[in-house]
Amino acid sequence: MARILIVDDEQAIVEVISNLCRDAGHQAFPYSSSEAATGALRKINPHLVVVDVKMEKVTGFDILRECRAKFPQTAVIMITAFASVETAVEALKIGAYDYVTKPFKVDELLLCIQRALDYQAALRENVYLRRELKDRYKFENLIGTSSRMEEIYRLIAKVAETDSTILIQGESGTGKELVARALHFNSSRQQHPFVTVNCSALPENLLESELFGHAKGAFAGAALDKAGLFEEANHGTLFLDEINSMPLQLQTQLLRALQERQIRRLGDTRRIPIDVRTITASDKNLKAKVRAGAFREDLYYRLSVIPMDIPPLRERLEDLPLLVNHFLEKYATQTGTEPKKIESKTMERLAHYTWPGNVRELENAVERACALSEDSAINANDLPPQVLEGAEKFESNAESAWQVGQRLDDFVSNHERKYIEMTLKFNQGSREKTASMLGISIATLYRKLDLKHHRA
């Protein structure tokens, strides 16, 4: 049911349109005074306004301008007894959805109203989706409070609005595409496409066609013209993942496209202008590939105007509790269940693993543990075998590396301090939850925290 504001200084017209709207299942707000209708706009916040052009004091054009300025998602239909071209052009130029002329046919008016409401609904949904996508990929949602991640957040905030090419480097599974999406959805290009392609997933001939498109007959099987990903991403962002695997010949074409801001489809002679921001990612050190002659040096410097290095999980283990908690809640949301807890010993095992697959491997491990756990809390036996084996190896090596001769109370205090800090961070600073997880009273926790600060 839509809220429809009807404004006309002819009371009979107002009543006819109001009854038509009510019969169609909508909520009608009839006004024969344009001044009163203008004052009611903010209170009603209508989906649609149907307003007469010619009225005393406040005209239909005045109300139209008010809607465009303060209620941009409200559709407006103008009613006029003078079906002049000038009136229609002016109304549409200001922002009216459509106009109808008196005397109007009931069916035509109802059809016009329904189309305007459909347009208004699509407009509001589009705004909602853009806001949802921006919220989903805003850089604050990248998980981690470590100093390395704080650097990434600050850099994203500085460069998101620029058009500079960005090279994101990091091991597989560190979240390079998530960073690229955060850059896009925090930029002025957020309303345009974010297009991604994995350069290692396609052979050279197919990758060329995917990036630049092809003309009909360019090769066997090319039955139609095909636009490439550069064209698809026009005015938006093109994310080239695993750029390190791109063949040298294609590197030359990519460099030319970035420098000239034009592309040429395979088998075509026409140049197509493009407005695309390019973000690339590599899980290999591109400088090393340049030294080895496997990557063009000029392209490397063109791509790495702003380099970003994403740290592996093993170098920011202080973020582990936050990441685990995030994945526990994510899994619970997907399955419609309560988030599972994680035992302190299990968290310790997670912290003693090196995570070669990084954040992606951690997410898979948490999902597996949630699926296998038969209790409300995840224990160590629910973890993947490689995690348990890696943790046991670490603990064995650490035990053999302990220095004999250290005072026992210093040794216990140091390790206790580290474990309290880890548990406190996992519980997002909640001392009550931390005390409960550690199996101690809140008073004991406060005492140990005080001891910790005195020793610091």
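The values are calculated or read from the model by the stated rules, or taken from the named source; none is laboratory data. The structure displayed is predicted, hence computed values, not measured ones. Reconstructed Cβ throughout: ideal geometry from the backbone, glycine too, with neighbour counts over all protein chains shown. Accessible surface is based on the protein model in full, side chains and every heavy atom, while ligands, DNA and RNA are left aside. Shrake-Rupley method; radii C 1.70, N 1.55, O 1.52, S 1.80 Å.
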Legend entry - Residues that are surrounded by fewer than 18 Cβ atoms within 10 Å (Cβ to Cβ) and more than 21 Å from Q73 (Cβ to Cβ), drawn from the range 1-50: D9, E10, Q11, A12, E15, V16, N19, R22, D23, S33, E35, A36
Inset, instruction - Take E315 and decide whether it is out of contact with any Leu (no Cβ under 8 Å at 6 or more places or on another chain) and open to solvent by 80 Å² or more (accessible area, probe 1.4 Å). - result: yes
Inset, instruction - Could you list, in sequence order, all residues of the range 353-378 that are open to solvent by less than 40 Å² (accessible area, probe 1.4 Å) and either of a type in the set (F, W, Y) or touching a helix residue (DSSP H, G or I) at 6+ places or on another chain (Cβ under 7 Å) (or both)? - result: Y353, W355, N358, V359, L362, A365, V366, A369, C370, S373, I378
Legend entry - Single residue of the range 348-375 satisfying the filter (of a type in the set (G, A, S) and in a helix (DSSP H, G or I)) that is modelled with the lowest pLDDT: A351
Legend entry - Failed condition for N285, given (1) modelled with pLDDT of 90 or more; (2) within 21 Å of the chain's Cα centre (by Cα): (2)
Legend entry - For D298: the one exception among (1) under 29 Å from A227 (Cα atoms); (2) acidic (D, E); (3) within 24 Å of the chain's Cα centre (by Cα): (3)
Inset, instruction - Please verify whether the range 327-346 includes one or more residues that are open to solvent by 50 Å² or more (accessible area, probe 1.4 Å), part of a helix (DSSP H, G or I), in contact (Cβ under 8 Å) with a residue 60 or more places away in the chain and not aromatic (F, W, Y). - result: no
Legend entry - Which listed residue is closer than 26 Å to F185 by Cα, among the hydrophobic types (A, V, I, L, M, F, W, C), without any contact (Cβ under 8 Å) to a residue 60 or more places away in the chain and in contact with a Phe, Trp or Tyr (Cβ under 8 Å, 6 or more places away or on another chain), from F230, F239: F230
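So that you can scan it fast, the table gives a plain yes or no per residue for (1) in contact with a strand residue (DSSP E or B) (Cβ under 9 Å, 6 or more places away or on another chain); (2) open to solvent by less than 10 Å² (accessible area, probe 1.4 Å); (3) at pLDDT below 90:
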site	(1), (2), (3)
A220	no, no, yes
A223	no, no, yes
K226	yes, no, yes
L229	yes, no, no
E232	yes, no, no
T237	yes, yes, no
E242	yes, no, no
L248	no, no, no
T252	no, no, no
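Results for (1) closer than 20 Å to G170 by Cβ; (2) of a type outside the set (S, T, N, Q); (3) touching a Lys or Arg at 6+ places or on another chain (Cβ under 8 Å), shown as yes or no for each residue.
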residue	(1), (2), (3)
E297	no, yes, no
Y300	yes, yes, yes
I310	yes, yes, yes
L320	yes, yes, no
H326	yes, yes, no
Inset, instruction - Return yes or no: is A201 open to solvent by 60 Å² or more (accessible area, probe 1.4 Å) and of a type in the set (A, V, I, L, M, F, W, C)? - result: yes
Legend entry - Hey, R256 part of a loop (DSSP other than H, G, I, E, B) and open to solvent by 70 Å² or more (accessible area, probe 1.4 Å) or not: no
Inset, instruction - Determine the pairs where a residue that is on the phi > 0 side of the Ramachandran plot, located within the range 376-402, has a partner that is at pLDDT 90 or above and surrounded by fewer than 13 Cβ atoms within 10 Å (Cβ to Cβ) with Cβ atoms under 7 Å apart, the partner being 6 or more residues away or on another chain. - result: none
